[in-house]
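Chemist: Next up is a structure, given as structure tokens.
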Amino acid sequence: TNDIWGWVSPLTKREYALVGCSNGTAFVDISNPTQPIYLGLLPCHDTPSLWRDLETLDNYVYVVSESSNHGLQVMNLLQLDNVVDPPVNFSEDAHYPGFGHCHTLNIDPQSKLLCAMGTNTFNGGPHLLDITNPLNPVFVGGYGEAGYTHDGFITTYSGPDQDHQGDVIIALCNGYNGFYVVNATDPNDVVLLDNYLYPETGYTHQGWFTKDKSYF
């Protein structure tokens, strides 16, 4: 396994663990934490790969992989409530083929933009999708001028900087190239705001905003 996410059903309040595995995405009912129930697997879209990344928005999970032709899988999670004879094989409800492999993804729940990073597009930089309709992800733009992005965080900004209130901001952890901040309010014209290089620190791997967005 390589990644994990959580989801709570709005209908039954059951708690689920979503686990990235080499052969797909596994779903485990952890409502009773001492008796977890393995519900089944969403098989990988392409060939197996050790690396898989996943995140949810509302009642859908979005899954990427380092497998060369995997693209983006979308699955409706409400069906987890209705599994009667586990484990079962689940099927993806939608698929986006606009990139092949992808290392990580992050979703802004306010703008409903999904940021795919480390793909075979935009030199590995952000590949942006509008997922307002979960079953029809729409490509809206990207940013390749800063090179490969290992991980990042996309958010509709509400921090202390008054110049960017309501803007869609992406913080990019670009490995040995350092840390970048871009404005993606217009995803067709992503603008570099600033970057910070600190080679003595090594690889800029990942990060997270504080709740007040004063720090990353």
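The values are calculated or read from the model by the stated rules, or taken from the named source; none is laboratory data. Just so you know, these numbers come straight off a predicted model, no measurement behind them. Using ideal geometry, Cβ is built from the backbone for each residue, glycine included, and neighbour counts are taken over all protein chains shown. Heads up: the accessible areas ignore ligands, DNA and RNA and are worked out on the full protein's heavy atoms, side chains in. Shrake-Rupley method; radii C 1.70, N 1.55, O 1.52, S 1.80 Å.
Chemist: If you roll a 1.4 Å probe over the heavy atoms of the protein chains, what accessible area per residue do you get for the chain, in Å²?
Modeler: 47 Å²
Chemist: Something else now. What share of Cα pairs, in percent, lie more than 22 angstrom apart in the range 108-216?
Modeler: Tail of P(r) above 22 Å: 27 percent of Cα pairs.
Chemist: Among 97, 43, 126, determine the one that fluctuates most according to a GNM of the chain built with springs between C-alpha atoms less than 10 Å apart.
Modeler: Fluctuation is largest for 97.
Chemist: At a Förster radius of 45 Å, what calculated FRET efficiency corresponds to the Cβ-Cβ distance of residue 76 and residue 195, to the nearest 0.05?
Modeler: 0.70
Chemist: Now for a separate question. Assuming R0 = 22 Å, can you tell me the calculated FRET efficiency for the pair residue 176 and residue 69, based on Cβ-Cβ distance, to the nearest 0.05?
Modeler: 0.20
Chemist: Another one. If you roll a 1.4 angstrom probe over the protein chains with everything in place, what fraction of the accessible area of the chain belongs to carbon and sulfur, to the nearest %?
Modeler: 52 percent
Chemist: With both bridge residues required to lie in the chain, what share of the DSSP beta bridges run antiparallel, to the nearest 5%?
Modeler: Within the chain, antiparallel bridges account for around 95 percent of the total.
Chemist: Based on the alpha carbons, how large is the Rg to Rh ratio for the chain when Rh follows Kirkwood?
Modeler: Rounded to two decimals, Rg/Rh equals 0.98.
Chemist: Which residues does a label at residue 14 reach in the range 73-117, if reach means a backbone N under 15 Å from a point 7 Å past the Cα toward the Cβ?
Modeler: 76-90
Chemist: Same structure again: From zero up to wherever the largest Cα-Cα distance of the range 1-122 sits, split into 5 Å bins and tell me the percent of pairs in each.
Modeler: Bin by bin from 0 Å, the calculated values are 2, 11, 23, 25, 19, 12, 6, 2, 0.
Chemist: Counting only C-alpha contacts under 8 Å and six or more residues apart, can you give the relative contact order of the range 1-145 as a whole percent?
Modeler: 16 percent
Chemist: Determine the sum of side-chain charges near residue 150: Lys and Arg each +1, Asp and Glu each -1, restricted to other residues whose C-beta is under 15 angstrom from that of residue 150.
Modeler: Residues close to residue 150 contribute a combined charge of -4.
Chemist: A further question on this structure: Run the reach check for residue 112 against aspartates and glutamates, Cα to Cα strictly under 15 Å, same-chain hits fewer than 8 apart removed. What comes back?
Modeler: Hits, sequence-local ones excluded: 55, 58, 130, 167, 186.
Chemist: May I ask you to derive the FRET efficiency for residue 211 and residue 30 from their Cβ-Cβ distance with R0 = 30 Å, giving the value to the nearest 0.05?
Modeler: 0.75
Chemist: Using Cα pairs under 8 angstrom and six or more residues apart, how large is the relative contact order of the range 154-216, in percent?
Modeler: Relative contact order, the range 154-216: 29 percent.
Chemist: Highest GNM mean-square fluctuation, the chain, Cα pairs closer than 10 Å: which of 94, 171, 116?
Modeler: Of 94, 171, 116, the most mobile in the Gaussian network model is 94.
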